Every structure is written in C-alpha cells, then in structure tokens.
Amino acid sequence: MIARLFSENTDIEAFRERVASLKGDFPFEKDDMTALGDVYFERFPDCFSNRNCQDVTLGYRIVRICIIEKLVNRCPAESIASLRDIFYDVTALQPKVERLVRGTGRERALDCHRAMEDELSAIQHIIDSLPVGMTKERFIGGISYIHNAMYLIKSAIEKFPPA
C-alpha cells in the first residue's frame, strides 16, 4: 500500500498528505518496506549505487513520513497535529512540547511517548530484519532521526513538574 502511494504521488508533500490521511492504519511490515525501497530505487536508480545522489536524503524523508504517522497515531487525536509539528521541525522543540503538555498534561504526554516508543521499537525490529542493502540503509537513516527526536521530546516533557 505505501509503495503504491509513493509510486502514485511523485510530489513528496502529496505523498505525506496521503500517508497522514491513513491515520497510521497501513501495513508497514518487512514486505511493505522492501516494496517501498523497490519503488524508490525505480524512481531514483542512481541512488542505488550511491553515485553523488542528492536524493538519498529523500529516501530518509520517505521513511520518516511513514514512521511518524505510525507513531503519532498511537496517541490521542488531540495530540496528533502537535506531535507531527514537533517531529517535522524540532528547532523550536521546547515551546512545542510546552503547548502539548499544557493541552494534555505531563502524565498523558508521557503515556503518549511510551506508546510511540513501543511502536518505534516494533518498527526498529522489522528494519533490523531487512536484508543488508540500500533499502535497509535508507530505513536506518530515516529511523535514526526519529530515535533522536524521541529522546529530545521525552527530555522536554520530563522538564515539567508532575501534576
């Protein structure tokens, strides 16, 4: 399904919107990841051999889009837009997390973070099972950013005193 969406949407923002519209309800198993990698390398064949390819970062972005949607949709609906905003732009993390915590409370924000961590762990396990190659490399590159963002989000939430 995700591979089909990527092949149908050559504009990355249109792809992001289509994936977001699924509200995390899409398969994202080993075969889905492999199929997405296949479509990506069909569109950007020079990226397969890593020949001076600026589109490598696009591969990471595609992975992040899918993972972010799987994560944020594990949280209450009223938190999803704020979480997307945080993941897509961590430059102003503290004020964004502050708005999130004010809206949901510290404990609910931490519960949401735990749910996202559980989902991220499951996705990481699938990525680890991918065969060594360029598709796995794109997924590792994409998920690395997510791990870093999750750490920063948790640290920001924990700065707030318990209620």
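The values are calculated or read from the model by the stated rules, or taken from the named source; none is laboratory data. Everything numeric here is computed off the predicted structure, so don't read it as measured data. Virtual Cβ from ideal backbone geometry, glycine too; neighbours counted across all protein chains shown.
List of remarks:
- In the stretch 117-136, the qualifying residues are those that are among the β-branched types (Val, Ile, Thr) and touching a residue at least 40 places away in the same chain (Cβ under 8 Å), and the one that is surrounded by the fewest Cβ atoms within 10 Å (Cβ to Cβ) is Ile126.
- Odd one out for Ser82 among (1) over 19 Å from Ile2 (Cα atoms); (2) in a helix (DSSP H, G or I); (3) modelled with pLDDT under 90: (3)
- If the condition is being surrounded by fewer than 20 Cβ atoms within 10 Å (Cβ to Cβ) and more than 16 Å from the chain's Cα centre (by Cα), then the stretch 61-97 contributes Pro76, Ala77, Glu78, Thr91, Ala92, Leu93, Gln94, Pro95, Lys96.
- Among the residues here, Asp118 qualifies as assigned to a helix (DSSP H, G or I) and within 23 Å of Asn148 (Cα to Cα).
- Any pair with Cβ under 7 angstrom, 6 or more apart, that starts in the stretch 78-89 at a residue that is of a type in the set (Gly, Ala, Ser) and ends at one that is modelled with pLDDT of 95 or more: Ser79/Cys112
- Scan the stretch 5-34 for residues that are assigned to a helix (DSSP H, G or I) and touching a residue at least 12 places away in the same chain (Cβ under 8 Å) and the total you get is 13.
- Test for Glu69: is it among the charged types (D, E, K, R), under 21 Å from Ala20 (Cβ atoms), in contact (Cβ under 8 Å) with a residue 24 or more places away in the chain and touching a Leu at 6+ places or on another chain (Cβ under 8 Å): yes
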